[in-house]
Every structure is written in structure tokens, then in C-alpha cells.
1. May I ask you to say which residue of 107, 53 is in a helix (DSSP H, G or I), hydroxyl-bearing (Ser, Thr, Tyr) and under 16 Å from the mean Cα position of the chain (by Cα)?
2. Taking residue 164 as the residue in question, decide whether it is part of a strand (DSSP E or B) and within 18 Å of residue 51 (Cβ to Cβ).
3. Among the numbered criteria (1) at pLDDT 95 or above; (2) open to solvent by 70 Å² or more (accessible area, probe 1.4 Å); (3) within 19 Å of residue 45 (Cα to Cα), which single criterion is violated by residue 179?
4. Quick one: would you say residue 98 is of a type in the set (S, T, N, Q) and touching a Gly at 6+ places or on another chain (Cβ under 6 Å)?
5. Return the only residue of 122, 52 being touching a strand residue (DSSP E or B) at 6+ places or on another chain (Cβ under 6 Å), closer than 23 Å to residue 137 by Cα and not hydrophobic (A, V, I, L, M, F, W, C).
6. Please tell me if residue 101 is open to solvent by 70 Å² or more (accessible area, probe 1.4 Å), over 13 Å from residue 160 (Cα atoms) and of a type in the set (Val, Ile, Thr).
Amino acid sequence: MVPPTIGVLALQGDVREHVRALTDLGARATTVRRPEELAAVDGLVLPGGESTTMARLLRTFDLLEPLRARVAGGMPAFGTCAGMILLADRVRDGVAGQESVGGLDVTVRRNAFGRQVDSFETDLDLAGLADPVHAVFIRAPWVEEAGPGVEVLAVAAGHPVAVRQGALLATSFHPEVGGDGRVHRMFVEMAG
């Protein structure tokens, strides 16, 4: 069986860490900066970074509309931290006119856990995994509202921090940090 080709949106953020995590699992990982590169992947990781900058760069690189179309068409996508914000249909505490890719029926709050100095690590129970996941939260969002089709996979501070809806997976935390590939494996299986 041919492993899926998973793209990592490479406009800004922790791209190398995601590529390494995917490669370690046997997926064919590639970076995506152009529409033709997006068209060639079976799934896409939207990494952590700065969501407003990433949205602006998606528009600059003519990727926003093609990405919206691929997500709407069922392409598997995995958003971590800022990537969760980009996949959300609704964003609170965004900048005026902030755009998102959408597709995930959630309302997220940017920087919900606080500023950079409020970053933290914890172990989380995540649905579908036998042992807790070590979760690193850096200026992380959380889900304030989830639609009826959204499955909550993990909760921290009373709010969902990992969710799945159809072919979309999103975490508030950074599973690419720390070497535990189980959340990425979940996504690779969704994309395969």
C-alpha cells in the first residue's frame, strides 16, 4: 500500500517539526507553498504559528481559495494551534477582517490560555489513545462552541482542545513537539 502524501503548509510556523513527525510515521511529507503543490497532496497539516499572518500569506500566495475548496471537497486537514484557528468557521478575539479557511464547525478564541508567558505543558487524555498525550500549549486557542457534528477528543481548563469533524482534526496544542507521534498517526490514518 502506498503511503499518503501529506503536505505541511509552509508559509510560517513550525513546519520542519511536522515534516519530521510525518516522515517518522512513514508518510510521504512535503511542504506546500503554491496551489499546484496543494493539488498534489492527500492531506494537509496547518501548523502552529501566527494565525493572522498565516491567513494574510495564504491570500498573498493565492492559496486561500484553493485551500477552502480542497477542505470543502473533503481533503483531510489537521490544524495545530494557529492551524486550528485557520480551520475554524468562527474566530473570537481575531483582528478586524481576519479570514479563515473554515470547514470546522467550531468557534475558537485566539490566545485563550493567555500570552506567551502563560504557555504550559500538561498530560491530556485523548479519545482513541490508551495513554495520555503530553500537550504543549503556546499562546493557544480553545474551542468555545462546537457544532453537533464535532467530536471532542480532549479537554483542558474546561474547554475542548482537540476536536474532529469528518476529515478535519484540530488541536490547540503542539503534538509535533516532544516526539509522541500518536496524534499525527491518527491524522495519517484519516488521510490514508
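The values are calculated or read from the model by the stated rules, or taken from the named source; none is laboratory data. Predicted model, so just to flag it, every value in this text is computed and none were measured. Here Cβ is always computed from backbone atoms with ideal geometry, including for glycine, and neighbour counts include all displayed protein chains. For the accessible areas, the whole protein counts, side chains as well, though only heavy atoms, and no ligand, DNA or RNA atoms are used. Shrake-Rupley method; radii C 1.70, N 1.55, O 1.52, S 1.80 Å.
1. Testing whether each residue is in a helix (DSSP H, G or I), hydroxyl-bearing (Ser, Thr, Tyr) and under 16 Å from the mean Cα position of the chain (by Cα) leaves just 53.
2. No, not satisfied.
3. Of everything listed in (1) at pLDDT 95 or above; (2) open to solvent by 70 Å² or more (accessible area, probe 1.4 Å); (3) within 19 Å of residue 45 (Cα to Cα), residue 179 misses just condition (1).
4. No: the conditions fail for residue 98.
5. Among 122, 52, only 122 is touching a strand residue (DSSP E or B) at 6+ places or on another chain (Cβ under 6 Å), closer than 23 Å to residue 137 by Cα and not hydrophobic (A, V, I, L, M, F, W, C).
6. Judged against the criteria, residue 101 is not a match.
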